[in-house]
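S.K.: Take a look at the following structure, please.
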Amino acid sequence: MNIGQQENRQGRLIKKIFDRFTDEAAQEVNLLKSRPDFRPELEYFVDLLAAGRDPATIANRTGRKVVALMCLQAPLELFHVYGLQPFKIFGGTMVAQRLSAPQLPAIMCPMLRSALGELHLDLAGRNGEKFLAWVAPTTCDWVVKIKDMMEVCGVKEDPPFHRLELPHLKDRDESQERWLEEIYLLKTFLSELTGIKKIKRQDLANSMRLYQKTWHVFSRLIDLKRQGFAPLVWFMVITNSFFFDDVEKWSAAVEKALPLFTERPKNGPNVFLAGSPIFFPNLKMLHLLEEAGLNVVMDDLCSSERIFPGAVFCDDLSEHGLLKALAQRYHQGCLCPTFSDNDRRINNIIAPAHKDLYQGVVFHVLKGCHPFDLESLTLESRLKDLGFKFIKLETDYTSEDSQTLLTRLEAYRSSLVN
Amino acid sequence: MGYKIGLDLGSTAIKMVLVKNNEITWSRKVPTAPGQEALAMELVKGAVSECGLTEADIDQITATGYGKKLMTAAGLTVDEISANAHGLHLLSEGRCRTIINIGGQDLKVININENGRIADFKMNDKCAAGTGRFFEQVARILDTPLETFGELSLKADEPLELNSTCVVFAESEIVSLLAKGVPKERIIKGLHHSVARRITHLLGTRYASKEGDIYLDGGPSQNKGLLEALEDELLMEVKVLPNPQFTVAFGATLSVN
């Protein structure tokens, strides 16, 4: 086969996958919009997700150039002050994996495999707009190697690629100093990328205030979930769409949606959902949790409650003080399992159980997502020693295991209510 | 009046029990095939007819198993893990604390408390290794009826060390062993130990019952060779009730209580 034929074949494959990709998303959108608790105020979030995640769409919507972000440790406020739209790369489609899977290890995080496939679709593209740059905090092994995998998968995008070296020990002074250096390097990178030589201290403070305000609205939504009023499906549709629009518009839409959540689900018991991220349109696990009658009132998924790490407050309003506050919040405040000294994360899950805020933990592991898989062993042991219930469910993006997952969830529910 | 029906619509067989006063009065199974509800209703009609009952005598139909939601005639549905726990608790007269259930396409390990409620459980992931489907496949490869596996296994002195319980890879391994002239008995014994080790790993230390008994149920539990291998690997006695395929269907009828 000559190069021309290969390119032709790849082009046809991408077109075919793109059509199926659209179908997969449309099916989930139809499912969401046909739910009895769907309301017009939620349409904004569903439509954001349905419209796709290619940089051109996001750039047109936000009026900002888009920087792809591989993990959540890079301060969003910093992107904002440089007039950029950070966009966390998640992959949620099963079918997109077909474009990347042949080049990748058989057992690999399906979320990133899907994301790599979706990048092909973006590039095959629609308006030809590319991410202005890539920023990758070195978290899990898959993210550390993402640039190599992009090349292996033939994602021929060559924008500036900036790595943030993430210290995996959070509580050491040296680590925090090291991370602050990385934040300064990110600032330099963004400065060179945009040509903005100097940012005003006041602009950075304003940007931080904007995210504080957003956090305030978001925390009210979290409270509604804690009380059982905001169903997880809608909570996650809202959080999944966080990076798809300007943060102020998103925040305003959340505020508008808050009054919708007034009805507590009839079923229970209450559970904590921990583990690997869940992203649109692969909301399989959320639908199964509902079907099994489990009410998720808390979670620690980075595509959900941890989508951004909370408000950053600061007494020292010098530029250094602001950057230091951002560095601390995004490093020490981060509850990603990739850190080595991570008791805070485990305690964050266990502590609410002592207050009867939930009756059990459902731990979701995407096959190949090693940090969560490994961490589940510690968590299971700690929870069971304390007499709390725990179930781990390993899955991927296929639907063939839905029945067996449902069986487990139903039995788990029985064990919680008895 | 006073009869209850429990239907367990599994991946390889549909099992039905007719129960009165917590006693099984009639039981039967048929292989799973397309049209599960019709097959199950045939069983119901058979029970009613053979026992000289009318439909009015049936107070409740409860369905469990993977096909439970296909049973529109069922007044109640219950998950098979809870049904298994209820059933074995009553049939073992409260002595059971751990259940090892081998189904058509899954392995389950269930810890139950003194009231017959689920304390904890584990299941195999998306892999049919060591399940009923695995045994069926091996029987085909060995061209040997599955019902004779137990007897053949007990005839072998030493089990052969087998590497795979994967349905796909076991085939090439077994074919290779047969080509080398290894007797079927040793291969079968090796398979039983291989599956028993898999179950032991699933069971883990946390599941090993410190008090109460361990019971094996599901279709393959009638295989005495597997039972022997399991006891050997676990270093514990493993009990099997009469008619172990009907425990889940029986438990389903109790779950409503």
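The values are calculated or read from the model by the stated rules, or taken from the named source; none is laboratory data. These numbers come from a predicted model, not from an experiment. Neighbour counts are summed over all protein chains in view; Cβ atoms, including those assigned to glycine, are modelled from backbone coordinates with ideal geometry.
S.K.: Looking at the range B:215-226, is at least one residue at pLDDT 90 or above and farther than 24 Å from residue B:87 by Cα?
M.R.: yes
S.K.: Moving on. Would you be able to say whether some residue in the range A:81-91 is more than 25 Å from residue A:211 (Cβ to Cβ) and either more than 14 Å from the chain's Cα centre (by Cα) or of a type in the set (Val, Ile, Thr) (or both)?
M.R.: No, because not a single residue in the range A:81-91 is more than 25 Å from residue A:211 (Cβ to Cβ) and either more than 14 Å from the chain's Cα centre (by Cα) or of a type in the set (Val, Ile, Thr) (or both).
S.K.: Quick one: residue A:121 ticks every box in (1) at pLDDT 95 or above; (2) more than 21 Å from residue A:304 (Cβ to Cβ) bar one, so which box is it?
M.R.: Among (1) at pLDDT 95 or above; (2) more than 21 Å from residue A:304 (Cβ to Cβ), the lone unmet condition for residue A:121 is (1).
S.K.: Then there's this: Just to be sure, is residue B:186 part of a helix (DSSP H, G or I), buried (at least 16 other Cβ atoms within 10 Å of the Cβ), within 14 Å of chain A (Cβ to nearest Cβ) and touching a helix residue (DSSP H, G or I) at 6+ places or on another chain (Cβ under 9 Å)?
M.R.: The answer is no for residue B:186.
S.K.: Which of the strands (runs of 3 or more DSSP E) contained wholly in the range B:68-136 include at least 1 residues that are of a type in the set (Gly, Ala, Ser) and either more than 9 Å from chain A (Cβ to nearest Cβ) or without any contact (Cβ under 8 Å) to a residue 40 or more places away in the chain (or both)?
M.R.: Ranges flagged: B:118-123.
S.K.: Quick one: is residue B:33 over 26 Å from residue B:192 (Cα atoms), assigned to a loop (DSSP other than H, G, I, E, B) and not hydroxyl-bearing (Ser, Thr, Tyr)?
M.R.: yes
S.K.: Here's a follow-up. Exactly one condition in (1) out of contact with any Ser or Thr (no Cβ under 8 Å at 6 or more places or on another chain); (2) farther than 26 Å from residue A:406 by Cα; (3) of a type outside the set (Ser, Thr, Tyr); (4) assigned to a helix (DSSP H, G or I) is false for residue A:287; which is it?
M.R.: (2)
S.K.: Collect the residues in the range A:55-72 that are part of a loop (DSSP other than H, G, I, E, B) and either more than 17 Å from the chain's Cα centre (by Cα) or surrounded by 24 or more Cβ atoms within 10 Å (Cβ to Cβ) (or both), keeping them in residue-number order.
M.R.: Residues satisfying the conditions are A:63, A:64, A:70.
S.K.: Can you give me the ranges of the helices (runs of 4 or more DSSP H) entirely in the range A:148-266 with at least 1 residues that are of a type in the set (Lys, Arg) and free of Cβ contacts under 8 Å to residues at least 12 places away in the same chain?
M.R.: A:201-226, A:247-257
S.K.: Within the range A:356-369, identify whether any single residue is surrounded by fewer than 21 Cβ atoms within 10 Å (Cβ to Cβ), free of Cβ contacts under 8 Å to residues at least 24 places away in the same chain and away from chain B (no Cβ under 13 Å), and answer yes or no.
M.R.: The answer is yes; a qualifying residue exists.
S.K.: Report whether or not residue B:5 is surrounded by 15 or more Cβ atoms within 10 Å (Cβ to Cβ), over 18 Å from the mean Cα position of the chain (by Cα) and modelled with pLDDT of 95 or more.
M.R.: Spelling it out, residue B:5 is indeed surrounded by 15 or more Cβ atoms within 10 Å (Cβ to Cβ), over 18 Å from the mean Cα position of the chain (by Cα) and modelled with pLDDT of 95 or more.
S.K.: For residue A:31, indicate whether it is more than 30 Å from residue A:338 (Cα to Cα), hydrophobic (A, V, I, L, M, F, W, C) and at pLDDT 90 or above.
M.R.: Judged against the criteria, residue A:31 is a match.
S.K.: So, one more: For residues that are more than 7 Å from chain B (Cβ to nearest Cβ) and in contact with a Phe, Trp or Tyr (Cβ under 6 Å, 6 or more places away or on another chain), scanning just the range A:390-418, find the one that is surrounded by the most Cβ atoms within 10 Å (Cβ to Cβ).
M.R.: Ranking the candidates gives A:391 first.
S.K.: While we're on this one: Looking at the range B:149-162, can you tell me whether even one residue there is over 26 Å from residue A:367 (Cβ atoms) and basic (Lys, Arg)?
M.R.: yes
S.K.: Shifting gears a bit: Can you run down the residue pairs with Cβ atoms below 7 Å, 6 or more apart or on separate chains, where the first is in the range A:57-69 and under 27 Å from residue A:145 (Cα atoms) and the partner is charged (D, E, K, R) and in a strand (DSSP E or B)?
M.R.: Correct list of pairs: A:59/A:65; A:69/A:88.
S.K.: List the pairs whose first member sits in the range A:19-30 and is under 9 Å from residue A:50 (Cα atoms), whose second member is assigned to a helix (DSSP H, G or I) and at pLDDT 90 or above, and whose Cβ atoms are under 8 Å apart, counting only residues at least 6 apart or on separate chains?
M.R.: Going by the 8 Å Cβ cut-off, the qualifying pairs are A:25/A:49; A:25/A:50; A:26/A:50; A:29/A:46; A:29/A:49; A:29/A:50.
S.K.: Let me ask something additional. I need a count of the residues in the range B:228-243 that are surrounded by fewer than 22 Cβ atoms within 10 Å (Cβ to Cβ) and either of a type in the set (Gly, Ala, Ser) or in a helix (DSSP H, G or I) (or both).
M.R.: Summing the residues that are surrounded by fewer than 22 Cβ atoms within 10 Å (Cβ to Cβ) and either of a type in the set (Gly, Ala, Ser) or in a helix (DSSP H, G or I) (or both) in the range B:228-243 gives 5.
S.K.: Inside the range A:319-418, counting only helices (runs of 4 or more DSSP H) that do not spill past its ends, which hold 3 or more residues that are under 30 Å from residue B:106 (Cα atoms)?
M.R.: Output list reads A:370-385, A:402-417.
S.K.: Looking at B:195, B:167, which one is surrounded by 19 or more Cβ atoms within 10 Å (Cβ to Cβ), touching a Phe, Trp or Tyr at 6+ places or on another chain (Cβ under 8 Å) and modelled with pLDDT under 80?
M.R.: None of the other options fit; the residue is B:167.
S.K.: Here are some conditions: (1) closer than 20 Å to residue A:305 by Cα; (2) within 14 Å of chain B (Cβ to nearest Cβ). Residue A:342 meets all but one. Which one does it not meet?
M.R.: Of (1) closer than 20 Å to residue A:305 by Cα; (2) within 14 Å of chain B (Cβ to nearest Cβ), only one is false for residue A:342: (2).
S.K.: May I pose another question? Check residue B:61 against each of (1) in contact with a Gly (Cβ under 8 Å, 6 or more places away or on another chain); (2) within 14 Å of another protein chain (Cβ to nearest Cβ) and name the one condition it does not meet.
M.R.: Condition (2) is where residue B:61 drops out.
S.K.: Within the range A:370-389, how many residues turn out to be surrounded by fewer than 16 Cβ atoms within 10 Å (Cβ to Cβ) and aliphatic (A, V, I, L, M)?
M.R.: 3
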